[in-house]
Amino acid sequence: MEPIQKRAVSRRQFMRLSAYTAVGAALAACGGGAAPAAEAPAAEAPAAAAPAAPAASVPQGQYNEAPMLTELVQAGSLPPVDERLPTNPGVLPVVEQTGNYGGTFRRAFRGVSDRWGPTKCQDHGLVWYDENLNLRPHIAESWEVNDDATEWTFHLRQGMKWSDGAPFTAANVQWWYENEITNTDLFPAPPADWVTGAERTLMQLDVIDDYTFKFTFAHPNPLFGYRLARPTPPPYSPGHHLAQWHMALTDDSAGLEEKVAAAGFDSWSSYYLDNRRLWFFNTELPTTAPWLAQNPLSDEVFLMQRNPYYFAVDADGNQLPYVDRISHRLFDSTEVFNLWITNGEIDFQNRHVSIADFTLFKENEANGAYSVFVGTSSGHQALQPNHTTKNPRLREFFQNRDVRIALSVAVDRNALNELIFDGLATPRQYSPISSSPQYYEKLSNAYIQYDPDEANARLDAAGYTEKDADGFRLWKDGSGETLSFIIEGTALPGSADEDAVNQVIRYLAAVGVKATYRGVERSLYEEHYRANEIEAAWWGGDRTVLPLVAPIIWIGTQPDRPWAVGWGYYRTDPSNPVAEEPPADHWIRTIWDLWDQCAAEPDADARNALFYQILDIWAEELPMIAYLGQLPAPIIVKNGVRNFPQGLPIDDPTGDEHLANTETYFWDDPENHA
């Protein structure tokens, strides 16, 4: 097997320069603190996330605002800051100190399909996380939960406003419920965040007064609060703006149909959900976020500018955010992105920053006037075989447990780790990382030994004994055709992810399995998995810090990790054209049943025990095959950027590098970063 070129990352240099051991200890401490958040009974959630009380420390009339907003107030085009803030603003903690106003954070992204780069800067919902990963109030001022976690009552901030100055009240929750989530044109089946039970029963909404509403579920839902940290979309809408784009509410249905066609959409519902409802496409959409889109996401440079009506302040009464603007600049190759970093053109970013290029980044810190901070990644280098692929021969291959185990033990994880990541990763299956409250060694270590003899024996036992002239196995249907499949992913040419998958392909070839990698742009990748036109994928598995918060990969309903595309859609939306009912005796049904019990279980120990049964099935079946995980996660932080902490976990549910509130990050010298 001819290896790819070894990357020039020195483990010794990494350990010396980044103090990764200390960071790992800090993360472990953070993980220990996270346990109450993931495991506390639902009735205790409000105590774990006590409402802030800014009125006591920041009396109304003592609020401050950014100079750029003061100019608008003085010009008469914006109300005073006291009139823009709610009566009881949210008070966000700062890591180091009260910040300075002004400046721009420069970041980079890969275009429209990489929308999560901009959105994670600011998509925090009714609740968010504190430094110990416990829930705290955010947009919501407070909440209560009844004893069996079937009723969740939320209190909004009196006087809070949308970004256009319109009142933000419980009426916006009611509008969302009546006109979006229960509209079958928009949602033929209600999304998973808002239903409970095997019957997928939609919650009920009661609006109690202008600032109070209650969600009632048919079954206990002790983990519901976590769904509200990063909901997409959130359970409230600016109906005063969106009504014009809603076919049942618009005053000009013919005009709306013309706009739908002109925009290239085939229905008003797709135009609504995929364009008008999204702040990064519809720059006129009122939001509650700290920054507002100034131009469409499709532009080469996407600019976000502060929201004058943002509801939060710091402890000194300074309206947030500190930074005026965030820009995202389009790049199309790893080399270009890395050049921007080393030239000092990226101010604050983890997304797309590869640990494989750590030496390059460290060597250029002085030149680029930045530091490389380090967190711990939740992601994995993993192969997702699509058990429901439309290729019947490949479906039979991937659904064979012996085959999946063979694809695991055929790869030398230690060699792969040294070759691509200089030993910085951990050989493991997709599993909660070691700092997670739900860490499970049995799954982490399942079938991770390198044993090509066992791989060959299992492939033979599965019936794939015949080979072609090149040593590749044949389909067992007697056709004489070579067994092969395509692994699809979004890894850029020359990236560590691409190097890793190509090396895995070499290992598979050594046991007679022919695979090829095809890298595609993310929008095309999304199109393929949504249509179930994907045979296998190379996409890391994340959501491993607080796995109970986002179990979608574990239960097969996250289609961009497409190990169960058709079955996953059957679970979430049986009317979807690619939805497919799994066999009556299939183990994925056991996973679903266990998760339904887990999600409704108020007792922490019992809930974990149910989740571990899901992980037992994973350890037995290997639905997807991971090779490496728990990599250190580098974050580029420009000199002068303050309030960003070292050692945070980098995971999707907690917003990656935005866990500690990007609104509170600031420049020491904002005048030099306009």
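The set of residues in the stretch 244-273 that are part of a helix (DSSP H, G or I), without any contact (Cβ under 8 Å) to a residue 60 or more places away in the chain, open to solvent by less than 50 Å² (accessible area, probe 1.4 Å) and closer than 16 Å to Trp175 by Cβ contains only Trp245. If you go through the stretch 177-191 one residue at a time, how many are open to solvent by less than 60 Å² (accessible area, probe 1.4 Å), not in a loop (DSSP other than H, G, I, E, B) and not hydroxyl-bearing (Ser, Thr, Tyr)? Residues in the stretch 177-191 being open to solvent by less than 60 Å² (accessible area, probe 1.4 Å), not in a loop (DSSP other than H, G, I, E, B) and not hydroxyl-bearing (Ser, Thr, Tyr): 3 in total.
Applying the criterion of being touching a residue at least 40 places away in the same chain (Cβ under 8 Å) and surrounded by fewer than 24 Cβ atoms within 10 Å (Cβ to Cβ) to the residues of the stretch 294-305, the residue that is nearest to Gly640 (Cα to Cα) is Leu297. Restricting Ala633, Ala604 to residues that are open to solvent by less than 20 Å² (accessible area, probe 1.4 Å) and touching a strand residue (DSSP E or B) at 6+ places or on another chain (Cβ under 7 Å) narrows the list to Ala633.
Here the stretch 631-643 is the region considered, the condition is being modelled with pLDDT of 95 or more and part of a loop (DSSP other than H, G, I, E, B), and the residue that is nearest to Ala315 (Cα to Cα) is Asn643. Picking from residues in the stretch 437-450 that are surrounded by fewer than 18 Cβ atoms within 10 Å (Cβ to Cβ) and not hydroxyl-bearing (Ser, Thr, Tyr), the one that is farthest from the chain's Cα centre (by Cα) is Gln449. Contact map, the stretch 559-571: residues that are more than 12 Å from Glu535 (Cα to Cα) and in contact (Cβ under 8 Å) with a residue 60 or more places away in the chain paired with residues that are assigned to a helix (DSSP H, G or I) and open to solvent by less than 20 Å² (accessible area, probe 1.4 Å), Cβ distance under 7 Å, separation 6+ or inter-chain. Pairs shown: Trp567/Ile588. Please verify whether Ala550 is out of contact with any Cys (no Cβ under 8 Å at 6 or more places or on another chain) and touching a residue at least 24 places away in the same chain (Cβ under 8 Å), treating the condition exactly as stated. In short, yes. Based on this model, can you work out whether Ser523 counts as hydroxyl-bearing (Ser, Thr, Tyr) and either crowded, with 22+ Cβ neighbours inside 10 Å or not in a helix (DSSP H, G or I) (or both)? Answer is no for this residue. Take Glu581 and decide whether it is at pLDDT 95 or above, under 21 Å from Ser408 (Cα atoms), open to solvent by 10 Å² or more (accessible area, probe 1.4 Å) and acidic (Asp, Glu). So Glu581 does not fit the description; no. Screening the stretch 472-489 for residues that are open to solvent by less than 20 Å² (accessible area, probe 1.4 Å) and not aromatic (Phe, Trp, Tyr) and picking the one that is farthest from the chain's Cα centre (by Cα) gives Arg473.
Determine, yes or no, whether Thr287 is open to solvent by less than 50 Å² (accessible area, probe 1.4 Å), of a type in the set (Val, Ile, Thr) and closer than 22 Å to Asn146 by Cβ. For Thr287, the condition - open to solvent by less than 50 Å² (accessible area, probe 1.4 Å), of a type in the set (Val, Ile, Thr) and closer than 22 Å to Asn146 by Cβ - is not met.
If you go through the stretch 463-486 one residue at a time, do you hit one that is among the β-branched types (Val, Ile, Thr) and in a helix (DSSP H, G or I)? No, that holds for no residue. Apart from one condition, Glu418 fits all of (1) in a helix (DSSP H, G or I); (2) in contact with a helix residue (DSSP H, G or I) (Cβ under 6 Å, 6 or more places away or on another chain); (3) at pLDDT 95 or above; (4) farther than 19 Å from Asp616 by Cβ; the exception is (2).
Name the residue that is farthest from Ala446 (Cα to Cα), counting only residues in the stretch 636-674 that are open to solvent by 20 Å² or more (accessible area, probe 1.4 Å), in contact with a strand residue (DSSP E or B) (Cβ under 9 Å, 6 or more places away or on another chain) and among the polar types (S, T, N, Q). So the residue we want is Asn639.
Applying the condition of being within 30 Å of Pro296 (Cα to Cα) and of a type in the set (Phe, Trp, Tyr) to the stretch 126-159 and asking which residue is surrounded by the most Cβ atoms within 10 Å (Cβ to Cβ) yields Tyr129.
Of the listed requirements (1) open to solvent by 50 Å² or more (accessible area, probe 1.4 Å); (2) without any contact (Cβ under 8 Å) to a residue 60 or more places away in the chain; (3) more than 15 Å from Leu223 (Cβ to Cβ), Gln597 misses just one: (3). Scanning the stretch 306-333 for residues that are small (Gly, Ala, Ser) and open to solvent by 10 Å² or more (accessible area, probe 1.4 Å) yields a count of 3. Taking the conditions (1) at pLDDT 95 or above; (2) closer than 17 Å to Ala312 by Cα; (3) touching a Lys or Arg at 6+ places or on another chain (Cβ under 8 Å); (4) open to solvent by less than 40 Å² (accessible area, probe 1.4 Å) in turn, Asp123 satisfies each one other than (1). I'm trying to understand the selection: among the residues of the stretch 325-373, which are modelled with pLDDT of 95 or more and among the hydroxyl-bearing types (Ser, Thr, Tyr)? Once the filter is applied, which keeps residues that are modelled with pLDDT of 95 or more and among the hydroxyl-bearing types (Ser, Thr, Tyr), the stretch 325-373 yields Ser327, Thr342, Tyr370, Ser371. Taking the criterion of being more than 20 Å from Ile650 (Cβ to Cβ) and in contact with a strand residue (DSSP E or B) (Cβ under 9 Å, 6 or more places away or on another chain), the residues of the stretch 107-126 that qualify are Gly111, Leu126. Any chance the stretch 80-91 includes a residue that's open to solvent by less than 20 Å² (accessible area, probe 1.4 Å) and in contact with a Ser or Thr (Cβ under 8 Å, 6 or more places away or on another chain)? No, the stretch 80-91 has no match at all. Scanning the stretch 236-255 for residues that are closer than 22 Å to Leu297 by Cβ and of a type in the set (A, V, I, L, M, F, W, C) yields Leu242, Trp245. Scanning the stretch 557-576 for residues that are part of a loop (DSSP other than H, G, I, E, B), within 21 Å of Ala537 (Cα to Cα) and open to solvent by 50 Å² or more (accessible area, probe 1.4 Å) yields nothing. Checked against (1) closer than 21 Å to Thr426 by Cβ; (2) modelled with pLDDT of 95 or more, Thr654 passes all but a single condition, namely (2).
Can you find, within the stretch 490-515, the residue that is nearest to Ala461 (Cα to Cα) among those that are in contact with a Gly (Cβ under 9 Å, 6 or more places away or on another chain) and open to solvent by less than 10 Å² (accessible area, probe 1.4 Å)? Of everything passing the filter in the stretch 490-515, Gly512 is nearest to Ala461 (Cα to Cα). Quick one: would you say Phe398 is under 28 Å from the mean Cα position of the chain (by Cα) and either among the acidic types (Asp, Glu) or more than 22 Å from Asn350 (Cα to Cα) (or both)? For Phe398, the condition - under 28 Å from the mean Cα position of the chain (by Cα) and either among the acidic types (Asp, Glu) or more than 22 Å from Asn350 (Cα to Cα) (or both) - is met. Check the stretch 546-556 and report whether any residue there is part of a helix (DSSP H, G or I) and open to solvent by 10 Å² or more (accessible area, probe 1.4 Å). No, the conditions are met nowhere in the stretch 546-556.
The values are calculated or read from the model by the stated rules, or taken from the named source; none is laboratory data. Quantities reported herein were computed from a predicted structural model and do not represent experimental measurements. We place every Cβ from the backbone using ideal geometry, glycine too, and count neighbours over all the protein chains shown. Protein only, heavy atoms only, side chains kept; ligands, DNA and RNA dropped before computing areas. Shrake-Rupley method; radii C 1.70, N 1.55, O 1.52, S 1.80 Å.
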